[in-house]
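Data first, discussion second: the structure below is written as structure tokens.
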Amino acid sequence: KRDYTVEITYKVDKIKDTEMSHNRCSIIEVMGRHAGHIAVNVGAAVGAVEVITTERPYDIDATCKKMLNLKANGKMHFVIIVAEGVGHSEEIAKEIEEKTGISTMTAEEPMKVVAIGTGQFVEFMSGK
């Protein structure tokens with residue numbers, strides 16, 4: 001029996017290691033079309049600033065405020081885990097960047113959102 005949470009946590013840790021050098025927010029979409037338990041467990045394991053699932057409403061303004069408070073105290077990299085059932089990670093990334101000024105993109109890779117599934121590692125780039 002496979003434990004997808006451990007597998008996905010490992011992949012998210014690798015992304016986090018790379019992204020920390022860029023001082024930006026990583027929006028990572030994980031499996032969870034109908035249930036957010038994988039997202040919650042991965043978020044807890046990697047120290048995500050926020051975990052967004054379909055089971056509870058989320059407040060993007062509260063998330064942005066939390067990120068700005070953390071940035072004021074020296075934190076430079078942020079991870080947000082989104083369950084795939086939420087369905088609009090690219091819009092979440094854009095809104096976070098607009099409200100906080102914290103980059104979720106680079107010039108080469110506009111609107112970077114990483115989606116991780118069972119054994120897959122796919123990057124979605126908006127506009128491509």
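Structure summary
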| read-out | value |
| --- | --- |
| Accessible area, probe 1.4 Å, largest first, for residues 103, 21 | 21, 103 |
| Surface share of carbon and sulfur [accessible, 1.4 angstrom probe, percent] for the range 45-106 | 50 percent |
| Compactness index (Cα Rg / 2.2 N^0.38 Å), the range 28-98 | 1.06 |
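The values are calculated or read from the model by the stated rules, or taken from the named source; none is laboratory data. The shown structure was predicted, so the numbers you read here are calculated from the model rather than taken from an experiment. Accessible surface areas use protein heavy atoms only, side chains included; no ligands, DNA or RNA. Shrake-Rupley method; radii C 1.70, N 1.55, O 1.52, S 1.80 Å.
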